[in-house]
1. Mind jotting down the distance between the C-alpha centroids of segment B:355-395 and segment A:140-176, whole Å?
2. Which of rounded, prolate, oblate describes segment A:1-119, given a ≥ b ≥ c as roots of the alpha-carbon gyration tensor eigenvalues and a/c under 1.5 marking rounded, otherwise prolate only if a/b is larger than b/c?
3. If r is the Cβ-Cβ distance from B:ALA390 to A:LEU260 and R0 is 45 Å, what FRET efficiency results, to the nearest 0.05?
4. Per residue Cα convex hull volume for the protein assembly as shown, in cubic angstrom?
5. If R₀ is 41 angstrom, what is the calculated FRET efficiency for the pair A:SER222 and A:VAL75, using the beta carbon separation as r and rounding to 0.05?
6. Mind listing the lone cysteines of chain B, meaning no other Cys beta-carbon sits under 4.7 Å from theirs?
7. For the pair A:ASN137/B:GLU75, report the inter-label distance in nm, with labels modelled 7 Å from Cα in the Cβ direction.
8. Take each of the peptides A:191-203, B:241-253, average the number of other beta-carbon atoms within 10 Å over its residues, and list them starting from the highest.
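Where a number appears in this text, it was derived from the coordinates with a stated rule and is not lab data. Because the structure is predicted, anything quoted here is derived from the model rather than measured. Every residue, glycine among them, receives a Cβ derived from its backbone with ideal geometry; neighbour counts consider all protein chains shown.
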Amino acid sequence: MDFANFLIQLLNSLQYGLLLFMLAAGLTLIFGIMGVVNLAHGSFYMLGAYLAWFLVSQLDSLLLAIVLGILMAVVFGWLLEWLLFRHFYHRDHLDQVLLTFGLIYIFEELRSILWGDDVHSVQVPEMLNWSIPLTDNLSYPVYRLVMSGVCILLALGLYLLISKTRLGMKIRAGAFNREMTESLGINIRLIHGVVFALGVALAAIAGMIASPISSVYPGMGSSVLIMCFVVVVIGGIGSVRGALVAALLVGLVDTFGKVLVPQIAGMAVYMLMAAVLLYKPEGLFKQ
Amino acid sequence: MTTRRIVLTRSAAVMGAASTGLLLPHLARAQSDKVRVGFMLPYTGTFAQLGVAIENGFRMALNEQGGKLGGREIEFFKVDDESNPAKGIENATRLVQRDKVDVLIGTVHSGVQMGIHKVARDTGVLNLIPNAGVHIATRAQCAPNVFRTSFTNSQPTLALGKAMVANGHKKAVWITWNYAAGDEAFEGFEQSYTAAGGTIVKKLGLPFPNVEFQALLTEIASLKPDAVACFFAGGGAAKFMSDFAAAGLNKSIQLYGSGFLTEGVLEAAGPAANGVLTTMHYGDSLNTPRDKQFRLEYAKAFRLQPDVYAVQGYDTGLLLIKGANAVKGDLNNKKALYAAMEGATIDSPRGKWTMSKAHNPIQDIYMRKVENKENKVIGVAQKAVADSGAGCRMG
């Protein structure tokens, strides 16, 4: 591997890591603040991707589809929290796992009824549908670069929201001590609704912006879910900063693992997880 | 009470005797009973369309015979195997034990096939495989009562190597998912490509069904091979072709694949698939009178364009008809039935093919090129390709 290729592989791992972060951020937020293990998180990614495909076919614009899709995801997340999840915050983790495992099946079936079982693709917007030549025979799709840019902006936004705003302060307070926060007159139920909707929206956004480069197919949620959990576990459950570091680390290990030792490509990430857990049983950034 | 019970048991005994043929002459039974045909196919999930296409093709073949097998009426039984390997044995047993089928048609998924295979070997029920390409069913664990009408996973790629070298592509990278079907496809490619004088520069893989190809595409670019050969199917196949094109690799490196790369995903892959070369035992534009007639009839009957799976289902029907006609519908005459099926030449829409000793088709493999969302046949990659059937000993 020469230096140019090494840099391109670094870019690949960064791009994969950022997408993973978008997914894992919602999962770790929901766990960290409400204490809910949400196995259905991958389904939100799938629903986002299908929504993007469906809306693009109706509206003919990915940007419009994403804006509308985010609104729908927020409403959907809000409703789910209100109808189901808020009744499970104080229940055992096993109950939560059962609920969310069941939801995976329900969402898959809903998807099958609404949109069928076909594999679809979403066209990359005309404006971004070109590639930058990097070496004599390899080009880099501009859309992938834009996607990484969007992920960085969202990560930055998330950081500012949680650490610099009043709402973020309330969210952190609620996670730290629920009773005390409530007794100060803060509507914790509202906060929970907001956080849950935000988590769902993040996963759906990841699905929507990834849809043009990942084909849209049944069961795509469950394949990312496992990687999502790996990221959350490595980063430390509940820590958004940990999720970012872990996602980038997983991207790096996965990318270079695939290229340098293809024989163990599937295992490299899990070996990383095992190694981290051995030395830091609670993940890199314990909350 | 007692009298009624006696009546009941006696009539049950009479019925039982009748059904095993004790009371009636053999010939009379053969004409009065229906042949029991069981479908064990995926009717839900990712492979649902494949299951439907296979059943359609099979029924079409029988309907051309007036809906009869060797002169006998047919009764159908159906089980949705959900492409779930965990339920393979259970579902196959249900058809054999409860429904008492004479012949079991199934299935698509190789993992589920292994369940059916166990039941077929244990009970001796006639099993026709209309798709699943898992090697072992017609190799080390071949059986007199198991016939395949589709392919083995290495059969399409077995025709790939020579054609690639003939096109001047002597250095290739192989890429697939690291799972059984991918490994079996590689076997065919490795064997044919190295025999033809080609060099495999590197073998790349990723876990099934991972679709994050970008890192591997970068690696391919740095290796600068003449061609890339691959085995992917379904959603992952569409994604691989799109990413390959988006990385600009399609400009300098020819992409080849086992035919499943471009089956049922051309709509999703769009223009990225144009120019991809694949090998398969069927294509969209064979332009033979036999195929044209089949496509016309199929489209008329089901208001759908047939695909390779419909052809495989149709051929499964043709094979069973050959066997049943030879024994005049008496499927219990197994020796003669199997002999007829082994010796059959199937006049298929894909072209004529025969059965190998291990019960797998010896067939022509076509080279196809993707043009305007169609797998256009551009020639025969290799005639009469047979799977090795290594380790098969019919007991």
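1. Centre-to-centre (Cα) distance: 54 Å.
2. oblate
3. Approximately 0.85, to the nearest 0.05.
4. Looking at the protein assembly as shown, the number lands at 193 Å³ per residue.
5. The computed FRET efficiency comes out at 0.95.
6. B:CYS230
7. Placing both labels 7 Å along Cα→Cβ, they lie 6.2 nm apart.
8. The peptides rank, most packed first, as A:191-203, B:241-253.
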